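Below is a structure I'd like to ask you about.
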Amino acid sequence: MFETLAGTGLAAAAGLNAYIPLLALGLLSRFTGIVALPSGWAWLENGWVLGVLGALLAIEFVADKVPALDTVNDVVQTVVRPASGGIVFGSGTAAQTAAIHDPGAFFTSGSWVPVALGVGVALLVHLGKAGTRAAANVALAGIAAPVLSVVEDVTSVALVVAAVLLPALVLVGLGALALLMVLVIRRRRARERRAALPNPP
């Protein structure tokens, strides 16, 4: 139960920012005893991998806060974020990537199930994020992009912390994230309805 909640929280965090949960797991596994990655995922704590993830996070951090560029970034991340979600969900479960030694065993052993779940969760969150961002950009002429991006980054970090330290809090975090997305989309629709009303003479 807690393992599933942790994986869900990490995958949801990846749906907001692909690199925060990957970097967090790698750093926590390498430098603390809080996270112990399965052998098949130990490459996440490699120094070179951590360096590349840090560089990609820096690029993502900037690109996601620039109006118009954030939309292009969301299109690119449609592949990256779900892949990250699959990795972080899988690394927190028994899916130790048997594919490294025997690709057939990865599927016959069921190790692919948590990876697929992580991909699905991250994709759903990513699509919600992209839709919310597009709605906010239209409603506020792009000025909301930096603020929303910071909120998404903070939420991603919070989901990682909750997933690692107290998985039960993941449900609260996901509920708050869903509420925020609904509020932004409803605000856009209300603005569109007001704009469609005829101007008084």
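The values are calculated or read from the model by the stated rules, or taken from the named source; none is laboratory data. Everything numeric here is computed off the predicted structure, so don't read it as measured data. Virtual Cβ from ideal backbone geometry, glycine too; neighbours counted across all protein chains shown.
Within region 69-80, does at least one residue satisfy the condition of being under 13 Å from the mean Cα position of the chain (by Cα), surrounded by 18 or more Cβ atoms within 10 Å (Cβ to Cβ), modelled with pLDDT of 90 or more and among the charged types (D, E, K, R)?
no
Right, next: Just one of 39, 29 is on the phi < 0 side of the Ramachandran plot, surrounded by fewer than 13 Cβ atoms within 10 Å (Cβ to Cβ) and either at pLDDT below 90 or of a type outside the set (Val, Ile, Thr) (or both); which is it? If you could, list the steps in order and put the result at the bottom.
Numbers: 29 fails: surrounded by fewer than 13 Cβ atoms within 10 Å (Cβ to Cβ).
From the options 39, 29, the qualifying one is 39.
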